[in-house]
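Questions regarding the structure given below will be posed in turn.
The values are calculated or read from the model by the stated rules, or taken from the named source; none is laboratory data. Since this is a predicted model, take the numbers as computed values, not measurements. Cβ placement follows ideal geometry from the backbone for every residue including glycine, while neighbour counts extend to all protein chains displayed. We work out accessible area using only protein heavy atoms, side chains counted, and drop any ligands, DNA or RNA first. Shrake-Rupley method; radii C 1.70, N 1.55, O 1.52, S 1.80 Å.
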Amino acid sequence: LGVYSVGLIIETTADYQKWIFKTQNPATFCNARLWSISQHPNWFGNLLIWFGIFILNAPALIETVPVEGTLWDTIWGFRRLVLACLSPAFMSYLFNGQADGFFDNHGRACQRKVYWRSGLHPIRRDCQQDYFKAFLNNVD
């Protein structure tokens, strides 16, 4: 319940902070509060929500195996838990893919061209959006 709650608070706070920032500064890149720490704090919060849901449901997804059960029975008893892992794993894949520039904001796969500026931050040269151009203008 704690992971889910922290994720909900982070996602809601990040979305609210960006909304407030964009109403006051519509043409600039949001880099205040949580957005100064992470490029995607709302996605991180969403990822924590999905992991929290998974953790809350994990005990119910494991079938009890009779004492005289075989190894296959034990493995088969974890099938629902393994399938439930797909949701947080898929969200992690989307999160990392978007953050690394593999996907653009519309879910399309981009060419994996990464330009390293100062050796620290990968900067995508393809799939650029207006806000990303504003980010490049704000980076030293």
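Identify, from the list 101, 69, 52, 45, the residue that is crowded, with 16+ Cβ neighbours inside 10 Å and at pLDDT below 90.
Working: 69 fails: crowded, with 16+ Cβ neighbours inside 10 Å; 52 fails: at pLDDT below 90; 45 fails: at pLDDT below 90.
Unique residue meeting the criteria: 101.
Here's a check for you: in segment 28-41, which residue that is part of a helix (DSSP H, G or I) and open to solvent by 30 Å² or more (accessible area, probe 1.4 Å) is farthest from residue 87 (Cα to Cα)? Step through it out loud before you land on a result.
At the first step, the residues of segment 28-41 found to be part of a helix (DSSP H, G or I) are 34-37, 41.
Retained after the next criterion (residues that are open to solvent by 30 Å² or more (accessible area, probe 1.4 Å)): 34, 36-37.
Details: 34: 25, 36: 28, 37: 26 Å.
Here the residue is 36.
Further question on the same structure: Quick check: is even one residue across segment 67-74 among the acidic types (Asp, Glu), over 19 Å from residue 95 (Cα atoms) and either within 14 Å of the chain's Cα centre (by Cα) or in a helix (DSSP H, G or I) (or both)? Give the steps one after another, and end with the answer.
Step one: of segment 67-74, the residues among the acidic types (Asp, Glu) are 68, 73.
Then keep just the ones that are over 19 Å from residue 95 (Cα atoms); that gives 68, 73.
Going one step further and asking which of them are either within 14 Å of the chain's Cα centre (by Cα) or in a helix (DSSP H, G or I) (or both), we end up with 73.
The answer is yes, given that some residue of segment 67-74 is among the acidic types (Asp, Glu), over 19 Å from residue 95 (Cα atoms) and either within 14 Å of the chain's Cα centre (by Cα) or in a helix (DSSP H, G or I) (or both).
Further question on the same structure: Counting only residues that are aliphatic (A, V, I, L, M) and farther than 30 Å from residue 57 by Cα, which one in segment 1-27 is least open to solvent (accessible area, probe 1.4 Å)?
Residues of segment 1-27 aliphatic (A, V, I, L, M): 1, 3, 6, 8-10, 14, 20, 27.
So of that shortlist, the ones also farther than 30 Å from residue 57 by Cα come out as 20, 27.
Values: 20: 45, 27: 88 Å².
Restricting to residues being aliphatic (A, V, I, L, M) and farther than 30 Å from residue 57 by Cα, the top hit is 20.
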